[in-house]
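S.K.: To start, I am sharing the structure in question, which I have written as structure tokens.
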Amino acid sequence: MQTHLHKITSKLPNAKTTIFTTVGVLASKYNAVNLSQGFPDFDMDPKLVQLVNSAMKKGCNQYAPMPGVFALREVISEKIESLYGATYHPENEITLTIGATQAIFTAITAFISPNDEVIVFKPAYDCYEPAIEVNGGIPVLIQLLGKNFKIDWEDFKNKITPRTKMVIINTPHNPSGTILSKEDVLQMQEILRDTNIIVISDEVYEHIVFDGRKHESFSKYSDLASRSFICSSFGKTFHATGWRLGYCAAPNELMKEFRKTHQFMVFSAHHPSQIALTEYIKSPESYLSLNSFFQEKRDFFLENIKDSRFKFTPCQGTYFQILDYSNITNESDVALCERLIVEHGLASIPLSVFNVNQLDNKQLRFCFGKKKETLKKAVEILNTL
């Protein structure tokens, strides 16, 4: 089609194709074992499939209520209270979303105006900064320290200005697999106590925490909870990333503004899935069993590469493991990632793309949320390097 060339001013002039797409295309081209993007290659619970099919057959195929099916919001409220001791009213403090990414984007859009500053801890999931920028906000970046990804709390305090409107934080943390300690969370609560700063707490891996550790939800801490959007993901929890279903919990005064934007952005999320999940998560075992399920995969993966030349600290949560390859080669993580796919048939994600100034600590991220056969193929390759 012949078109007239218009002068276009991009709102995201520096946005590039995401690393997940780039690696995914390359992995497909070379038929690589794919431990890059964070989705499982095994099936979800057949019971959940049956429940959503049943909901469709019963006719739950039109718009769900804008904030989500009320019965599901009730079950979510009960789940949060039982796990974290926090009370969110299902009527006006919980909203179903099209994945946690939409929840995060909506919260940013509802509150961030041009020149508002938003603090982001790097490495960070790659949707945060574009969502800030497209709304005219200014990302203020804080690099997590060293290869253990610790927060520099003095740096955080110094980055807060009168223009700071929001902080985005993620625990359990993607891509590092670390979690915030209780001391970390209390530190943040104290620093923010006398401010009007809003927090987005990205907690999509809340049910994947290892070695007896506890997830420190921001909902557990009253002052933080009063200023926070808690974002979670059914897709991540129940191996159904293609369903794009998540939820957000926040105090009424914040959720009221969130829903003003949500209703015009998507109006509502997938109805039959909501009906299915209402029944499914009434059994706490459906999510409480995930820690041991994924820890078994993590332990299998690490046990089988313990004699390789990679260095690692077992991840504390998520289904991502960072491997340090500095004993193997000096090449950049992006170059090694590409070479692993092309020459060895194994796909991972380079960490530098998520860091401030593409800081390269010679680390690659591998997703172990895969079938055992997939992990066996991957470790065979890793042990040859």
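The values are calculated or read from the model by the stated rules, or taken from the named source; none is laboratory data. Since we're looking at a predicted model, the values are computed, not measured. All Cβ positions, glycine included, derive from the backbone under ideal geometry; neighbour counts span all protein chains shown.
S.K.: Pick from I322, I341: which is outside any helix (DSSP H, G or I), at pLDDT 95 or above and touching a Phe, Trp or Tyr at 6+ places or on another chain (Cβ under 8 Å)?
M.R.: Exactly one residue qualifies, and that residue is I322.
S.K.: Output the residues belonging to region 9-22 that are assigned to a helix (DSSP H, G or I) and surrounded by 12 or more Cβ atoms within 10 Å (Cβ to Cβ).
M.R.: Passing the criteria: I19, F20, T22.
Each row is one residue, and each column tells you yes or no for (1) touching a helix residue (DSSP H, G or I) at 6+ places or on another chain (Cβ under 6 Å); (2) over 27 Å from K370 (Cα atoms).
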| position | (1), (2) |
| --- | --- |
| S10 | no, yes |
| A15 | yes, yes |
| A32 | yes, no |
| S36 | yes, no |
| K47 | no, no |
| N61 | no, yes |
| T87 | yes, yes |
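S.K.: Quick check on this structure: which one of E133, E183, E190, E203 is surrounded by 22 or more Cβ atoms within 10 Å (Cβ to Cβ) and in the same structural domain as S217 (by TED's automatic domain parsing)?
M.R.: Going through E133, E183, E190, E203 in turn, just one is surrounded by 22 or more Cβ atoms within 10 Å (Cβ to Cβ) and in the same structural domain as S217 (by TED's automatic domain parsing): E203.
S.K.: Count, please, the residues in region 125-144 that happen to be hydrophobic (A, V, I, L, M, F, W, C) and modelled with pLDDT under 95.
M.R.: 1
S.K.: Taking region 82-109 as the search range and keeping residues that are surrounded by fewer than 18 Cβ atoms within 10 Å (Cβ to Cβ) and hydroxyl-bearing (S, T, Y), which one is nearest to R227 (Cα to Cα)?
M.R.: That would be T87.
S.K.: When region 344-354 is examined, which residues are found to be buried (at least 19 other Cβ atoms within 10 Å of the Cβ) and in a helix (DSSP H, G or I)?
M.R.: Listed by number, the residues that qualify are S352, V353, F354.
S.K.: Condition first: within 27 Å of E216 (Cα to Cα) and not β-branched (V, I, T). Can you find one or more residues in region 52-69 that meet it?
M.R.: For region 52-69, residues within 27 Å of E216 (Cα to Cα) and not β-branched (V, I, T): present.
S.K.: Which one of A55, A103 is over 30 Å from L12 (Cβ atoms), touching a Ser or Thr at 6+ places or on another chain (Cβ under 9 Å), in the same structural domain as N170 (by TED's automatic domain parsing) and of a type in the set (A, V, I, L, M, F, W, C)?
M.R.: A55
S.K.: Here's something else I'd like to know. Of the residues E154, E203, E183, E216, which single one is of a type in the set (D, E) and touching a Phe, Trp or Tyr at 6+ places or on another chain (Cβ under 8 Å)?
M.R.: E203
S.K.: Now for a different question. Answer yes or no as to whether K79 is assigned by TED's automatic domain parsing to the domain that holds N252, out of contact with any strand residue (DSSP E or B) (no Cβ under 9 Å at 6 or more places or on another chain), under 29 Å from L290 (Cβ atoms) and exposed (fewer than 13 other Cβ atoms within 10 Å of the Cβ).
M.R.: So K79 fails the test.
S.K.: Is at least one residue of region 23-35 surrounded by 13 or more Cβ atoms within 10 Å (Cβ to Cβ), outside the structural domain of E343 (by TED's automatic domain parsing) and not aliphatic (A, V, I, L, M)?
M.R.: no
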